[in-house]
Amino acid sequence: MERWKKLERVPAPAIIPSYGPLTGMRVLMTGSIVAAPFAAGMLADYGAEVIHVERPGVGDPYRGQSPVITSGNGDEEFVLADSDIPDDEKVSCAWIQEARNKLSLTLELNMKIPEIKEIFFSLIKNCDVWMENMVWVEKLGLNDEMLFEVNPKLVIAHLSGFGRPQFGGVPEECDRPSYDPIGQAEGGWMYINGFPEPSPPGYGSSFINDYISAVFCANGVMMAYINAQKTGKGQVVDVAQIECMSKCLNDTFVNYFTLGRVKERAGNHVPVFQPANLYRTKDGYLYIGAFGPFVYERALKAMDIDVEKYPHEKAGASREALESELGRELDRLIDKWMRARTSEEGQAILKSKKVPCGIPRNAKDLANSEHYKCRGNWIEYEDQTLHKKVTAYGFVPKMSGTPPRVWRGSPRLGQDTDIILEKIAGYSKAEIDMLKGRGFVDPMLN
């Protein structure tokens with residue numbers, strides 16, 4: 001009998017503290033940069049026990065995304081790391097932010113090796129969710145059916161560029177490799193972002209497609225998990241980067257199917273109502289968005305523009321109104337009003353009249369924002385590679401009854417290999433040493 005069949009299920013959490021609304025959920029994640037780790041990380045922030053599987057001696061490439069830092073000397077807490085510094089003494093800023101609250105297990109994933117297959121199945125039996133973005137899992141000797149035999153309640157989440165053929169599609173397309181910009185381009189998002197021709201389509205940083213795909217993935221996992229708890233039956237969640245991007249395009253497809261209209265780029269200007277644009281000010285920029293007749297009226301009054309001369313229906317309510325002589329004239333008046341003031345002055349006037357507006361903020365602005373500080377958006381924890389406290393972005397959403405927390409900073413490569421194999425997969429110390437000796441897992445790094 002296979003080893004995993006003799007195992008008793010180990011309730012979660014077995015290693016991490018209990019906290020948050022997802023305590024009791026365990027997630028096995030075999031993905032790397034960026035979508036699958038972020039999806040798992042969102043669940044980890046809210047109490048799920050997340051095991052991040054990394055290749056022995058290699059780890060998730062996310063650990064090495066530039067800029068990479070190490071502990072500083074003297075007055076500098078952190079400095080940019082050079083190539084001479086050992087890998088286990090340096091870490092990327094991205095890893096510090098995104099890998100917190102996770103357990104790191106090093107494990108080769110070639111299921112054609114019986115010992116590795118046993119480890120993996122032992123973990124699958126003890127997990128509620130398996131999440132991956134490796135795409136070609138069949139080449140590793142894995143398929144969904146064999147995992148449902150091990151754990152019928154398992155939720156399987158596949159994250160790929162073009163979707164898996166089991167859910168339809170052209171097989172050659174499903175087999176394509178993908179990264180964030182590919183999803184933005186092929187999913188239609190890139191085409192409608194940026195300024196009109198001759199400017200090229202615009203890429204949305206930072207990895208916006210990966211993050212949107214991760215949110216869809218986490219949402220799909222939660223729906224499937226709730227259903228599995230009620231019915232005892234797991235299922236597959238198929239998340240395609242291109243489809244996540246297409247889902248976020250508002251009226252683009254109904255526009256095409258009903259009106260035959262292909263949506264084009266409009267820069268920072270919303271082409272179907274105004275005021276809705278990023279305007280130049282004395283010292284920078286200020287965005288104003290005023291949808292609907294009531295907000296429109298408040299906006300014009302705040303800028304001392306005659307509402308009767310520029311009625312909403314004729315100057316601000318539609319694409320036709322914006323393109324009319326009256327609409328263009330109104331845009332010029334708003335532009336003149338903005339250029340006569342600093343961004344903060346313009347925002348103060350508009351805010352006083354309850355008109356939605358915003359100044360494009362950079363990292364320094366937000367780091368010093370009193371609102372962000374009072375919202376608790378900056379949190380501190382000790383990074384496990386640097387052994388120093390770091391400041392990172394906190395949690396979204398906030399929760400009143402079961403708040404999220406950081407129980408530990410981002411792990412060193414293989415930091416939790418021993419305890420995961422022992423406590424969850426049921427291996428003895430001697431067996432773990434044997435696995436290390438054969439190179440299937442890394443020894444725990446100190």
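Couple of notes before you dig in:
- Degrees, to the nearest 10: 208-231 long Cα axis against longest axis of the chain: 60
- In units of the rule-of-thumb radius 2.2 N^0.38 Å, region 153-257 shows an alpha carbon radius of gyration of 1.21.
- The calculated FRET efficiency for the pair Glu173 and Val272, based on their C-beta separation and a Förster distance of 41 Å, comes to about 0.80.
- Accessible area per residue in Å² at 1.4 Å probe, computed on the chain: 50
- Dipole axis of region 276-362 (+1 Lys, Arg; -1 Asp, Glu on Cβ), positive-most option in Asn362, Ile334, Gly284: Asn362
- Placing +1 on each Lys and Arg Cβ and -1 on each Asp and Glu Cβ, with no other charges, gives the chain a dipole about its Cα centre of roughly 1200 debye.
- Under the criterion of Cα pairs below 8 Å and six or more residues apart, the relative contact order for the chain equals 19 percent.
- Given charges at Cβ of Lys, Arg, Asp, Glu: the chain dipole, positive-most of Phe294, Leu103, Val221: Phe294
- Unit Cα scatterers, Debye sum, the chain: log10 I(q)/I(0) for q = 0.10, 0.14 Å⁻¹: -0.85, -1.31
- Gyration tensor analysis over the Cα atoms of region 55-210 returns equivalent ellipsoid semi-axes of 32, 29, 13 Å (largest first, whole Å).
- Here r is the Cβ-Cβ distance between Glu344 and Ser18 and R0 is 51 Å; the resulting FRET efficiency, rounded to 0.05, is 0.65.
- For region 276-362, the mean projected area of the C-alpha convex hull, equal to one quarter of the hull surface, is 5.1 nm².
- Averaging 1/r across all pairs of distinct Cα atoms in region 14-74 and inverting the result yields a Kirkwood radius of 13.2 Å.
- With helices as the sole contributors, the chain gives -9500 deg cm²/dmol at 222 nm; each DSSP H run of n ≥ 4 counts as -39500 (n - 2.57), and the sum is divided by every residue.
- When +1 charges are put on Lys and Arg Cβ atoms and -1 charges on Asp and Glu Cβ atoms, the dipole computed for region 276-362 relative to its Cα centre reaches about 360 debye.
- Between Glu76 and Glu325, the modelled label-to-label distance comes to 6.3 nm, taking each label 7 Å out from Cα in the direction of the beta carbon.
- Summed residue charge, Cβ within 9 Å of Lys353's Cβ, Lys/Arg positive, Asp/Glu negative: +4
- Region 212-261 pair-distance distribution - Cα-Cα, 5 Å bins, rounded %: 5, 19, 18, 16, 13, 12, 8, 6, 2, 0
- With 24 Å as the limit, the listed pairs Lys263/Lys351; Lys125/Lys388; Lys5/Lys153; Lys388/Lys423; Lys389/Lys423 have Lys263/Lys351; Lys125/Lys388; Lys388/Lys423; Lys389/Lys423 beyond it between alpha carbons.
- Computed from Cα atoms alone, the Kirkwood hydrodynamic radius reported for region 259-314 is 12.8 Å.
- Taking Lys and Arg as +1 and Asp and Glu as -1, the other residues whose beta-carbon sits under 12 Å from that of Tyr19 total 0.
- Degrees, to the nearest 10: 343-352 long Cα axis against longest axis of the chain: 80
- Within the accessible area of the chain, the carbon and sulfur atoms contribute 55%, probe 1.4 Å, all protein chains present.
- Working from label points 7 Å from Cα in the Cα-to-Cβ sense, the Tyr393 to Glu264 distance is 3.4 nm.
- Working note: Cα atoms of region 220-354, range along each principal axis, descending, whole Å: 63, 37, 26.
- Anchor Lys354: lysines whose Cα lies under 29 Å away (excluding residues fewer than 8 positions away in-chain): Lys282, Lys301, Lys309, Lys314, Lys336, Lys364, Lys373, Lys398
- Simple spin-label estimate for Ser428 and Asn250 gives 6.5 nm between the two label positions (7 Å along the Cα-to-Cβ direction from each Cα).
- For region 294-438, the ratio of Cα radius of gyration to the globular rule of thumb 2.2 N^0.38 Å stands at 1.90.
- FRET efficiency estimate (nearest 0.05) - Cβ-Cβ, Ser206 to Lys301, R0 30 angstrom: 0.20
The values are calculated or read from the model by the stated rules, or taken from the named source; none is laboratory data. Here the structure is a predicted model, which is why all the values come from computation and not from measurement. Ideal geometry is used to build each Cβ from the backbone, glycine not excepted, and the neighbour counts take in all protein chains shown. Ligands, DNA and RNA are excluded from the accessible area calculation, which covers all protein heavy atoms including side chains. Shrake-Rupley method; radii C 1.70, N 1.55, O 1.52, S 1.80 Å.
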